[in-house]
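The values are calculated or read from the model by the stated rules, or taken from the named source; none is laboratory data. Remember, it's a predicted structure, so these values are computed and weren't measured experimentally. For neighbour counting, all protein chains shown are included, and Cβ atoms are generated from backbone atoms with ideal geometry for every residue, glycine included.
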């Protein structure tokens, strides 16, 4: 049964990394509901993305492993529900402001 998951990805801040992440999700027919991407304040060569996606539990596990195979991606974590998405996005908004 499909449900919402929060996907947190930490990666290099390269030109096409966000495009590659979205392509992995699109190939698996994972619906992206919300997306926030930003660079790390202390190290501009690092960045992260927080996505709210709608998919099945087994598919999110497959997507996580596929994303971690990308050279630029350091690690990817997922959490059930949208609560963690809003917590992470608030934390990142406070760091930017």
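Name the residues in segment 58-78 that are more than 12 Å from residue 28 (Cα to Cα), touching a strand residue (DSSP E or B) at 6+ places or on another chain (Cβ under 6 Å) and part of a helix (DSSP H, G or I), would you?
Result: 68, single match.
State the number of residues belonging to segment 31-60 that are within 23 Å of residue 1 (Cβ to Cβ), surrounded by 12 or more Cβ atoms within 10 Å (Cβ to Cβ) and either more than 12 Å from the chain's Cα centre (by Cα) or free of Cβ contacts under 8 Å to residues at least 12 places away in the same chain (or both).
Residues flagged as within 23 Å of residue 1 (Cβ to Cβ), surrounded by 12 or more Cβ atoms within 10 Å (Cβ to Cβ) and either more than 12 Å from the chain's Cα centre (by Cα) or free of Cβ contacts under 8 Å to residues at least 12 places away in the same chain (or both) within segment 31-60 amount to 6.
Can you name every residue in segment 1-30 that is closer than 17 Å to residue 84 by Cβ and surrounded by fewer than 14 Cβ atoms within 10 Å (Cβ to Cβ)?
The one that is closer than 17 Å to residue 84 by Cβ and surrounded by fewer than 14 Cβ atoms within 10 Å (Cβ to Cβ): 3.
Among the residues of segment 67-97, write down those that are modelled with pLDDT of 90 or more, buried (at least 16 other Cβ atoms within 10 Å of the Cβ) and farther than 16 Å from residue 32 by Cα.
If the condition is that a residue be modelled with pLDDT of 90 or more, buried (at least 16 other Cβ atoms within 10 Å of the Cβ) and farther than 16 Å from residue 32 by Cα, then 70, 72, 73 are the ones that fit.
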